[in-house]
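Here's the structure, in structure tokens; my notes come after.
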Amino acid sequence: METPENEKFRDSIGTIDKSGKRSWVFPKKPSGIFYKYRSYVSYFLLIILLSAPFIKINGNQFLLFNVLERKFNIFGFPFWPQDFHLLVVSLIIGVVFIILFTVVFGRIFCGWICPQTIFLEMVFRKIEYWIDGDRGKQIRLSKQPWNAEKIRKRVLKWIIFFIISFVIANVFLAYLIGGDTLISYITGDPLDNVSTLISLTIFTCVFYFIFAWFREQVCIIACPYGRLQGVLLDNKTINVAYDYVRGEGEKGRAKFRKNEDRAEVGKGDCIDCKQCVVVCPTNIDIRNGTQLECVNCTACIDECDHMMESVGLPKGLIRYASEDSIAKKIPFKLNARIKGYSAVLLILIGILIGMLFLRNDVEATILRLPGQLYQHKDNNIISNVYTFKVINKTTKDINDVSYKLLSHKGTIKLVSNHDFIVPKQGLAEGTLFIELNASALKGDKDKLEIGVYSGDKLIETTITNFLGPRSYK
Ligand code: SF4
Ligand code: SF4
């Protein structure tokens with residue numbers, strides 16, 4: 001079946017030409033109220049993004065994703081592998097939140113919050129405008145031969161891009177290995193940490209590749225979030241949209257003519273200036289409707305508003321609007337889907353808060369040594385051997401740690417033979433023996449409750465099994 005004429009734009013991507021080659025986008029420099037506010041939001045988020053690995057709350061890094069050592073801090077709240085369930089619930093909440101948000105506000109996240117858009121549009125692109133000039137100058141520069149001006153501008157741009165990519169790679173690494181560790185590596189001998197240096201070089205090259213060359217292709221080809229649009233957006237979703245009812249009128253869009261009453265002759269308000277297209281960083285025509293490539297950057301809203309203002313027509317021909325509000329003039333309403341997602345979100349947040357309150361600062365496990373049976377000693381004493389682990393999630397050392405049996409009479413003997421310290425944000429492990437008089441056993445496998453003490457203070461209790469002879473069952 002042949003594609004209808006007005007749907008042909010869907011058969012191609014604006015950034016790939018007919019021969020299948022990359023078609024470089026030279027977007028016009030945006031300006032306007034949305035761009036201004038987006039810049040403010042971006043600068044604020046950039047400050048947070050770049051400083052988060054170096055901010056501490058209660059001694060904990062604000063955000064840390066140390067996958068190798070399995071340590072995670074979210075908003076200064078440390079998560080250990082033992083808190084994995086909390087991390088999973090947080091991730092589920094994150095996914096539900098994104099779905100709910102996308103259902104209501106479309107890809108507003110892409111335009112205002114996504115680090116890829118922020119770095120590309122607010123850092124790298126701005127440097128490009130500063131060095132190469134606006135769209136027209138950039139096109140001219142790309143076409144001109146490699147003369148002194150082009151070499152100077154290109155080399156300057158590439159060096160600055162590389163330095164910024166290096167900074168981003170360092171910050172990215174700080175999220176992975178910790179801000180303090182990174183600083184100690186930077187101030188130390190780089191050859192002492194060759195593997196980190198290699199990782200840093202790889203990250204720098206990846207960021208350079210993304211921001212200097214791959215650019216909008218990340219959003220169009222690589223980003224899974226963009227793909228979700230098809231299932232999440234509906235006619236009630238608010239998106240950056242062209243008001244085709246107003247723009248096309250009865251006789252369609254048409255060039256502007258001075259002193260012409262467009263409404264009277266049936267022409268729409270779109271003056272077909274194509275400024276919304278030349279300003280678009282993904283090179284699409286928003287007048288074709290919502291498209292996968294649109295990152296809701298709002299540049300076309302600002303540009304169209306400029307044009308409307310200059311020809312004396314009302315602004316807002318391109319604006320944040322839902323399909324229903326354009327086609328049927330239906331105002332935004334909370335529908336069943338939004339209510340359903342909100343309810344699920346609230347329940348999940350409630351579960352997460354409950355779990356956080358129930359979470360202990362100290363976790364202790366005592367497990368029987370695998371493959372070991374009990375030992376029968378003199379005076380009817382039965383002995384089991386265990387490995388123990390105590391995790392300290394706080395930012396202070398826990399001193400004089402010892403164990404006491406709470407449920408049975410008996411003794412606990414540490415192999416080290418003395419109380420121990422559990423370092424802050426660390427763990428202590430070792431081996432211990434539990435000895436009980438056989439008469440104290442209720443069966444061949446008793447459950448023991450054991451208290452973990454710091455000095456005289458009970459800080460945690462744990463349960464373990466104790467094996468005894470079958471005849472005592
Ligand atoms: S269509 Fe408009 S909002 Fe979408 S990416 Fe292009 S300029 Fe940005
Ligand atoms: S900027 Fe506005 S008036 Fe110009 S082509 Fe785009 S929608 Fe039409």
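For the reader, a short list of remarks on this structure follows.
- The set of residues in the stretch 253-268 being of a type in the set (A, V, I, L, M, F, W, C) and either within 12 Å of ligand 2 (Cβ to nearest atom) or closer than 18 Å to C300 by Cα (or both) consists of A254, F256.
- Residue match in the stretch 131-144 (condition: among the hydrophobic types (A, V, I, L, M, F, W, C), farther than 26 Å from P115 by Cα and more than 23 Å from the chain's Cα centre (by Cα)): yes
- Any hit, the stretch 332-351, residues being open to solvent by less than 20 Å² (accessible area, probe 1.4 Å), at pLDDT below 95 and not in a helix (DSSP H, G or I): no
- Any chance L317 is at pLDDT 90 or above and within 16 Å of ligand 1 (Cβ to nearest atom): yes
- Within the stretch 383-403, considering residues that are of a type in the set (D, E, K, R) and assigned to a loop (DSSP other than H, G, I, E, B), the one nearest to Q425 (Cα to Cα): K393
- Considering the stretch 242-277, and only residues there that are within 9 Å of ligand 1 (Cβ to nearest atom) and either exposed (fewer than 14 other Cβ atoms within 10 Å of the Cβ) or not β-branched (V, I, T) (or both), the residue that is farthest from K315 (Cα to Cα) turns out to be C276.
- Extreme residue, most open to solvent (accessible area, probe 1.4 Å), among residues of the stretch 23-66 that are of a type in the set (V, I, T) and more than 21 Å from N392 (Cβ to Cβ): I47
- When residues of the stretch 315-331 are limited to those that are more than 16 Å from ligand 2 (Cβ to nearest atom) and within 23 Å of N283 (Cα to Cα), the one surrounded by the fewest Cβ atoms within 10 Å (Cβ to Cβ): E323
- Selection from the stretch 286-302 of residues that are more than 16 Å from K255 (Cα to Cα) and near ligand 2 (Cβ under 8 Å from one of its atoms): I286, C300
- Only one of the numbered conditions (1) assigned to a loop (DSSP other than H, G, I, E, B); (2) more than 14 Å from ligand 2 (Cβ to nearest atom) is not met by I271, and that is (2).
- Criterion: assigned to a helix (DSSP H, G or I), under 19 Å from S39 (Cα atoms) and open to solvent by 20 Å² or more (accessible area, probe 1.4 Å) - qualifying residue of F84, F101, F124, F109: F109
- Test: N437 is of a type in the set (S, T, N, Q), open to solvent by less than 20 Å² (accessible area, probe 1.4 Å) and touching a Gly at 6+ places or on another chain (Cβ under 9 Å): no
- G249 being farther than 29 Å from I118 by Cα, within 10 Å of ligand 2 (Cβ to nearest atom), in contact (Cβ under 8 Å) with a residue 12 or more places away in the chain and in contact with an Asp or Glu (Cβ under 8 Å, 6 or more places away or on another chain): no
- Of the residues I186, I221, I202, the single one that is open to solvent by 20 Å² or more (accessible area, probe 1.4 Å) and either in contact with a Leu (Cβ under 6 Å, 6 or more places away or on another chain) or more than 30 Å from N60 (Cβ to Cβ) (or both) is I221.
- Breaking point among (1) of a type in the set (A, V, I, L, M, F, W, C); (2) touching a helix residue (DSSP H, G or I) at 6+ places or on another chain (Cβ under 7 Å); (3) part of a helix (DSSP H, G or I), for A241: (3)
- Condition check for I202: under 30 Å from the mean Cα position of the chain (by Cα) and within 16 Å of ligand 1 (Cβ to nearest atom): no
- Entry remark, the stretch 283-314: residues being in a loop (DSSP other than H, G, I, E, B), more than 15 Å from ligand 1 (Cβ to nearest atom) and open to solvent by 50 Å² or more (accessible area, probe 1.4 Å) number 2 in total.
- Conditions (1) farther than 30 Å from L448 by Cα; (2) open to solvent by 40 Å² or more (accessible area, probe 1.4 Å): number failed by C280: (2)
- Criterion violated by F203 - all others in (1) in contact with an Asp or Glu (Cβ under 8 Å, 6 or more places away or on another chain); (2) within 30 Å of F72 (Cα to Cα) satisfied: (1)
The values are calculated or read from the model by the stated rules, or taken from the named source; none is laboratory data. Fair warning: this is a prediction, and the values are worked out from it, not measured in the lab. Neighbour counts run over all protein chains shown; Cβ positions are idealised from the backbone, glycine included. These area figures cover heavy atoms from the full protein model, side chains too; ligands, DNA and RNA do not enter into them. Shrake-Rupley method; radii C 1.70, N 1.55, O 1.52, S 1.80 Å.
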